[in-house]
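I have placed the structure first, in the form of structure tokens, so that the comments after it can refer back to it.
The values are calculated or read from the model by the stated rules, or taken from the named source; none is laboratory data. Predicted, not measured: the structure shown is a model, and the values here were computed from it. For neighbour counting, all protein chains shown are included, and Cβ atoms are generated from backbone atoms with ideal geometry for every residue, glycine included. Remember, those area values only see protein heavy atoms, side chains included, never the ligands or the DNA or RNA. Shrake-Rupley method; radii C 1.70, N 1.55, O 1.52, S 1.80 Å.
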Amino acid sequence: MQKSSEKLVDESKSNEEKQEIGFRMNQRVHTVGDTRRIGTVKYIGNVEGYSGIWVGIDWDNGDGKHNGSLNGVSYFEAKDDKSGSFVRPQNLSHGISFLQALELRYKGDSTKEEEDEMYVLSARNNRVAVELVGKSKVQDKLSRLEDLVGASLSYLGVSSVGSRGQINAVVPNLKELDLTGNLLSEWKDVGAICEELQVLEVLSLTHNYMAHDVNQLPVLKNIHVLVLNNCCLTWTQIEVLKQSLPSVEELHLMGNKLKEIVTASSNYVRGFDSLRILNLEDNCFEAWNEIVKLSQLRRLEQLHLNKNNLNNIFYPECGPKFDLVNDSEPAEKCFSPFGTLNCLLIGRNNITDLASVDSLNYFLNLTDIRLSENPITDTGKGGIPRFMLIARLAKVEILNGSEVRIRERKESEIRYIRFVMTKMQDEPEEIKQLHPRFNELKKMHGIEDEKPSTETAGPRKMSSGLLSITLTCVGASMGEKKPLTKKLPATSTIGKLKVLCESFFQLKSIKLKLFLQEEGSPLPMLLDNEMASLMELGIGNGSTILVDEEET
């Protein structure tokens with residue numbers, strides 16, 4: 001009986017201790033003294049074999065010790081094997097208020113640690129303090145919070161609004177606010193801050209793990225740019241969120257592990273009537289069908305999809321205007337899929353087929369395209385080079401971040417024609433299927449009736465004319481050698497060209513490798529097929545070939 005009483009006393013004491021430590025489940029916290037080490041409270045209580053109350057934390061950066069289990073006892077479930085750990089309450093901070101962060105960032109003096117970093121070494125290796133020119137003026141200006149139009153409160157441990165009704169009085173002119181990496185999780189707190197900042201237009205909540213209940217967010221009519229990167233959001237939350245963002249023009253949703261787009265009552269995403277830029281980079285999309293659900297956003301101009309897992313692209317020709325069985329919108333309200341899209345960034349995906357490349361021609365206004373770091377553009381693994389992409393994409397003006405100038409387009413298209421004609425002379429149907437723009441390009445460049453030939457009867461023959469090629473040595477052991485410009489037959493193979501380079505530059509003891517340097521391409525293309533001719537590779541007049549050495 002006495003043991004039972006003692007147990008009840010111990011349990012009562014334990015519950016009192018839990019309440020006294022001031023933390024709650026799923027609360028966001030950071031380590032005392034390190035506002036960048038952020039985690040979520042997953043357990044509060046005793047740990048077998050250790051005295052006192054402990055707080056179980058699942059750390060955002062995965063820098064823990066275990067998965068929530070210790071010595072065979074499971075206390076909580078961490079997201080990774082080593083992202084969890086137990087911490088004493090006094091070593092954790094539940095953060096500060098928004099106004100406290102403003103004071104700390106813009107009215108506080110430089111810390112001793114910050115000042116210690118501002119030095120140079122004298123001739124005798126002594127530290128000499130550095131004082132920035134105009135530092136006092138800048139600090140004075142920043143300290144007048146009422147004049148601030150932009151504020152960065154990143155990684156300061158902001159967890160609450162603080163005193164209501166004071167924020168607008170302190171920073172009445174704030175238009176841009178960066179709250180990256182803080183402890184905010186409740187949408188009602190975000191809404192309270194935004195409602196007080198009456199002229200706020202740009203808001204970043206990157207690396208704040210937001211709660212699932214988005215209904216607490218009021219309508220934010222003035223927000224034009226919202227950054228929600230790495231906030232653990234689902235598309236279901238985004239569907240609710242859009243009701244509060246009638247004026248949003250830019251929406252950034254990077255790193256949220258999004259894989260599907262779940263719409264509320266339609267096959268397509270509706271609303272977002274002002275949205276021009278949608279950033280979905282670094283997510284987990286695999287199926288282009290999910291992206292098609294965005295095709296009816298009627299003002300969408302830029303769609304960023306870099307670093308996903310997409311393996312193909314197609315244009316939804318039979319779009320919503322033909323598919324109204326499960327769609328509540330009448331036909332007259334639907335319009336051409338992706339009708340206003342002019343920029344599509346889709347680098348670092350898994351696109352492997354030429355049909356995906358060719359489908360981009362059907363997007364009505366698409367002129368800025370990124371396809372780099374996809375298998376289809378990796379020439380080392382059978383992908384196609386830049387000149388072929390330009391020739392296949394009729395409207396592209398910016399490819400992989402580089403402008404496609406008039407001269408580069410013309411040269412690329414002629415090289416492409418030359419390449420196709422040498423590969424598929426007698427199979428017109430196959431040419432049409434695999435190279436949809438081939439006949440169009442032949443007409444455009446006035447070579448409709450020209451055919452490949454191995455004769456040497458005239459300089460205008462595509463396969464027989466001499467090409468002016470500039471050869472430039474770049475190998476480390478080759479020494480300084482002036483570039484040479486040579487007239488070479490278009491039928492010269494890469495193997496033959498290597499032999500010629502050995503003779504031209506007297507490189508008898510060096511094993512060579514050749515690269516084609518293309519305008520607008522960040523890296524030269526390796527010419528590793530010794531049996532391929534200059535003509536077959538689409539190498540045109542005025543091209544530059546880099547002569548390098550094999551690594552030993």
Which condition does Glu260 not pass, out of (1) open to solvent by 60 Å² or more (accessible area, probe 1.4 Å); (2) of a type in the set (Asp, Glu); (3) in contact (Cβ under 8 Å) with a residue 60 or more places away in the chain, if it passes all the others? (3)
Count, please, the residues in the stretch 400-424 that happen to be assigned to a helix (DSSP H, G or I) and either among the acidic types (Asp, Glu) or touching a helix residue (DSSP H, G or I) at 6+ places or on another chain (Cβ under 7 Å) (or both). 9
Within the stretch 138-244, helices (runs of 4 or more DSSP H) holding 1 or more residues that are aromatic (Phe, Trp, Tyr): 187-196, 235-241
Any residue in the stretch 213-237 that is at pLDDT below 90 sitting within a Cβ distance under 6 Å of a residue that is open to solvent by 30 Å² or more (accessible area, probe 1.4 Å)? List the pairs, counting only those 6 or more apart or interchain. Val214/Val240; Gln216/Lys188
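Yes or no: Leu537 touching a residue at least 60 places away in the same chain (Cβ under 8 Å), open to solvent by 30 Å² or more (accessible area, probe 1.4 Å), part of a strand (DSSP E or B) and within 25 Å of Glu408 (Cα to Cα)? Lay out the reasoning, then the answer.
Numbers: touching a residue at least 60 places away in the same chain (Cβ under 8 Å): yes; open to solvent by 30 Å² or more (accessible area, probe 1.4 Å): yes; part of a strand (DSSP E or B): no; within 25 Å of Glu408 (Cα to Cα): yes.
Here the answer is no, as Leu537 does not meet what is asked.
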Among (1) among the β-branched types (Val, Ile, Thr); (2) within 26 Å of the chain's Cα centre (by Cα); (3) open to solvent by 40 Å² or more (accessible area, probe 1.4 Å) - the single one Val404 does not satisfy: (3)
Going through (1) at pLDDT 90 or above; (2) in contact with an Asp or Glu (Cβ under 9 Å, 6 or more places away or on another chain); (3) in a helix (DSSP H, G or I) one by one, Val396 fails only at (3)
May I ask you to list the residues in the stretch 469-499 that are open to solvent by 40 Å² or more (accessible area, probe 1.4 Å), in contact with a helix residue (DSSP H, G or I) (Cβ under 8 Å, 6 or more places away or on another chain) and closer than 21 Å to Glu550 by Cβ? Lys481, Leu484
Restricting attention to the stretch 371-395, and to residues there that are buried (at least 20 other Cβ atoms within 10 Å of the Cβ) and charged (D, E, K, R), which single residue is farthest from Leu516 (Cα to Cα)? Arg392
I'd like the residue in the stretch 513-534 that is crowded, with 19+ Cβ neighbours inside 10 Å and hydrophobic (A, V, I, L, M, F, W, C) and, out of all such residues, is nearest to Val474 (Cα to Cα). Leu514
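Yes/no per residue for (1) within 27 Å of Ala211 (Cβ to Cβ); (2) surrounded by 17 or more Cβ atoms within 10 Å (Cβ to Cβ); (3) modelled with pLDDT of 90 or more:
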| position | (1), (2), (3) |
| --- | --- |
| Gly39 | yes, yes, yes |
| Tyr43 | yes, yes, yes |
| Ser51 | no, no, yes |
| Val55 | yes, yes, yes |
| Gly62 | yes, no, yes |
Determine whether Ser185 is modelled with pLDDT of 95 or more and farther than 26 Å from Val292 by Cα. no
